[in-house]
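So the structure is just underneath, and the comments pick up after that.
The values are calculated or read from the model by the stated rules, or taken from the named source; none is laboratory data. Since the model is a prediction, treat every value here as computed from it, not as a measurement. A quick note on method: Cβ atoms are made from the backbone with ideal geometry, for glycine too, and the neighbour counts reach across all protein chains shown.
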Amino acid sequence: MFQKKDIICFLGDSITANGMWMAEIYQTLRKIVPIKCYNCGVSGATAEQATKYLHSRCLIHNPDYVVMMYGINDIWRGHYAEEFRDDPEMQKQKREAMERHKQNYEKLVQEITAFGAKVILCIAVPYDEVSDVEEKNLHCQCGMDESAAFVRKLAEKYDCALVDFKRTMQPMLGKRDIMREDRVHPTEEGHHIMAQTFLADLGYIESPDFDTPFVWEDWNKERYEAEQALHTVNFVEFCALWEEIFIRKLSVAERKEIAKARIKEGSDNPFIASAYQEYLEKTDFRMQLMGEIVKKTIF
């Protein structure tokens, strides 16, 4: 499938942004065919938001392939909770969110294809409705299943390769330590299973090896750490400051002042609080981070 010098971009939400699975795929594929990979995921993002940053985050790399996975943020998973099942307004909002998800997913496929890149679609990892953890069970896998069925149709309609993470991971829920306690994000083992599934579904390995842990090579670990710093900056701009950038169109200096104010106000979410702080420290060095990632990609 992949040819020498091909560029592959991975586009998605936090499961992509925290892409240990992508790093394993890249490290493995480089030994088979000399390609380049870029992680273009944005934590907290939806397919709708991705239509706004598709060119600046992904197509700017001039990819030959774009691997895409969205869903868990798009479907408004909180609306699937039991207490909202008889709430007409919540059900209406849930249906509208699903329709936006489908429309924007197809729009992304169309724009990427028009650009000249091939799309590899992924059926997203399952929501963990099985494990006995403290995090509230939203019972939203039915929404993810509807998304998965739509992604299959897109793959057929646009002749896209398809990778099915749900098929592999859902039978493991509650049996292996593959999902974090938030029921949404894969553990390190879960990322390894994703990588092995991807490589097997695309024919690069005969059968997946889920039991042998992934071993990082130094160059790949350094590159991954640079990517993660850039992803924090992108999360703040594309999600936490979405309105300020895309609607109010504020300058970088104005965004930084808002970030400072929100740090002072405090946040119940420690990830968001630390993200604002890292944004202030690193947003002025975005170009250097991007350059470092490119250098470690083409070495």
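Scanning the range 1-17 for residues that are crowded, with 20+ Cβ neighbours inside 10 Å and in a loop (DSSP other than H, G, I, E, B) yields one hit, 13. Hey, does the range 184-199 have a residue that's in contact (Cβ under 8 Å) with a residue 60 or more places away in the chain and among the aromatic types (Phe, Trp, Tyr)? Yes: the range 184-199 contains one or more residues that are in contact (Cβ under 8 Å) with a residue 60 or more places away in the chain and among the aromatic types (Phe, Trp, Tyr). For the range 15-47, the candidate set comprises residues that are of a type in the set (D, E, K, R) and at pLDDT below 95; within that set, the residue that is farthest from residue 294 (Cα to Cα) is 31. Being in a helix (DSSP H, G or I), without any contact (Cβ under 8 Å) to a residue 60 or more places away in the chain and crowded, with 19+ Cβ neighbours inside 10 Å is a condition met by at least one residue of the range 43-55. The residues of the range 91-124 that are buried (at least 17 other Cβ atoms within 10 Å of the Cβ) and either without any contact (Cβ under 8 Å) to a residue 12 or more places away in the chain or over 20 Å from residue 45 (Cβ atoms) (or both) amount to a single one, 118. Scanning the range 89-135 for residues that are of a type in the set (Val, Ile, Thr) and part of a loop (DSSP other than H, G, I, E, B) yields a total of 3.
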